[in-house]
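Every number in this text was worked out from the coordinates using simple rules, so none of it is lab data. Since this is a predicted model, take the numbers as computed values, not measurements. Virtual Cβ from ideal backbone geometry, glycine too; neighbours counted across all protein chains shown.
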Amino acid sequence: MASINGDWFHSRSSSNLEELLAVRTLVFESQKPEYIGFGWSGGREGNQKMYQFAVAANIQPSTMQTKIRAMIRYGFIKDGNQCPLMWTRIGSLWNDLYTVGNDSAAHQVYELTLTISLAIFAFNDSQVQYSINPANGDMPLNFLLNNLDNNDSISLREFETLVDGNTSRVGSNTPYWKRDLINAGLFRETYGRLIYTGKYPEYSVTFYFMGINKFLYRITKYILTQKHKAHKEEK
């Protein structure tokens, strides 16, 4: 069972942009009439339609399901188990910016979405092992920030101990968590250490001293500001 002390749960699907683009392809595919109402999360054995749906992104059904669930957890796709797949509001904003070729703004929204998902993620003893309500468990991002040294860094060995130190599973979750933190722009890897970038200094202070709700309020205001700027640029 997931624990803040050396057993960090992860769905083992990367937050890399190419993973999001694969799910983007599936979003478009899921809007075709033949898939409306189709249960993408159902059983795979003998399910030809499941294989047909997955092949749109050139992946296997099991991989397809893992990627979609991951993008739901990251906050790009609305929670649900039937087609059509639906963007969240922030996911729709990212898709709109990416579609019109505003790569810089799209990347900022991508990083912010991952940051929010990390900020509200909490481990607990439920069947799914986590919650996106930070009040329902222990928050790994907060725990990590509190374990940084005076230079706002942590060695990769120490980070691995935080993530996988109390497990004996085959394969570690450390690479996935490291990639999430780097993709969010919160950390960079240098000489065997993860270094906090200070990308959102205002939000970091808010997070430490004012709590998660005000952190999310301020970061949401930032997103809306970016959305307003993007619309002005399009005009």
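Placing dummy labels 7 Å off each Cα toward the beta-carbon, the span from ILE59 to ARG179 is 1.0 nm.
Inter-label distance, ASN147 to TYR51: 4.3 nm, where each label sits 7 Å from its Cα along the C-beta direction. Note on segment 46-97: Rg/Rh from Cα positions, Kirkwood definition for Rh, rounded to two decimals, is 1.01.
Place a +1 charge on the Cβ of each Lys and Arg in segment 146-187 and a -1 charge on the Cβ of each Asp and Glu, then give the dipole magnitude about the Cα centre in debye, rounded to the nearest 20. List each step's numbers first, then the result.
Details: 4 positive and 6 negative charges, 40 e Å.
That gives a dipole near 200 debye.
Treating the beta-carbon of each Lys and Arg as +1 and of each Asp and Glu as -1, no other charges, what is the dipole magnitude of segment 35-79 about its Cα centre, to the nearest 20 debye? Before the final figure, lay out each step's value.
On the way: 6 positive and 2 negative charges, 21 e Å.
Using only the charged Cβ atoms, the result is roughly 100 debye.
When each of the peptides 72-83, 112-123 is scored by the mean number of other C-beta atoms lying within 10 Å of its residues, the order from highest to lowest reads 112-123, 72-83.
Whole Å is fine, so just give me how far the alpha carbon centre of segment 55-72 lies from that of segment 1-29. So the separation of the two Cα centres works out to 10 Å. Cross-link check: pairs LYS78/LYS178; LYS32/LYS78; LYS78/LYS199 evaluated at a Cα-Cα cut-off of 21 Å; pairs beyond the cut-off: LYS78/LYS178; LYS78/LYS199.
Placing pseudo-labels 7 Å out from each Cα toward the beta carbon at ASN166 and THR190 gives an inter-label distance of 3.2 nm.
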